[in-house]
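Nothing in this text is a laboratory measurement; each read-out follows from the coordinates by a stated rule. Every value quoted in this text rests on a predicted model; they were computed, and no experiment measured them. Methodologically, a virtual Cβ is constructed for each residue, glycine included, from the backbone with ideal geometry; neighbour enumeration extends over all protein chains shown.
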Amino acid sequence: MPLSLYDATIPSYRQIIAATSALIDKAVAHETADATLIEARLAPDMLPLGYQIKSVAEHSQGAIEGVRAGVYSPSTAPWPDNFAALKAKLADADAFLAALDPSEIEGFIGQDMAFEFGQTRMPFTAETFLLSFAQPNFYFHAATAYDILRAQGLKIGKRDFMGMPRLKL
């Protein structure tokens, strides 16, 4: 059986969302777990941890919602300012993804859609948007959240970033 668009996106989104949620648990248990940790950055010109975690949900659930609508514009709403709300945002995204019908995702193939932000407009097909834009952004923000936490002294490693792989049963 060939790899489907659903298989190439949704299970991996869910795996990394679960891992990112577990990273929040480790952050809460860390000695510096307060609002300043949510505002921690890797560099002065990068957005903080709260934004990175919000963007994990945005480039998974938000990407699918964008494909459904034919246009994706990233949310400019503020990121949650506490760990409970960040975890809830990830839980909502995971529940949304878990409820998807794989046939709906396959039905997106070939559908026109666009990324729009301000004056920027980028045309895509649904599959090229998901695989060449949303998915790389998703992984970038998940890795950046991990990196911020690591830089703040959390004792985490690659397994914490990856979460539970989908093993052959």
Along the charge dipole of the chain, which of THR20, LEU169, VAL67 sits closest to the positive end, that is, farthest toward it, with unit charges on the beta carbon of Lys, Arg, Asp and Glu (+1, +1, -1, -1)? LEU169
Helix 83-98 vs. the chain, principal-axis angle (Cα, 0 to 90°, nearest 10): 20 degrees
Debye, to nearest 20: dipole size of the stretch 14-138, +1 on Lys, Arg Cβ, -1 on Asp, Glu Cβ: 140 debye
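As a test, work out the antiparallel percent of DSSP beta bridges whose residues both lie in the stretch 5-162, rounded to the nearest 5.
Numbers: 6 of 8 bridges.
Looking only at bridges with both residues in the stretch 5-162, the antiparallel portion is about 75 percent.
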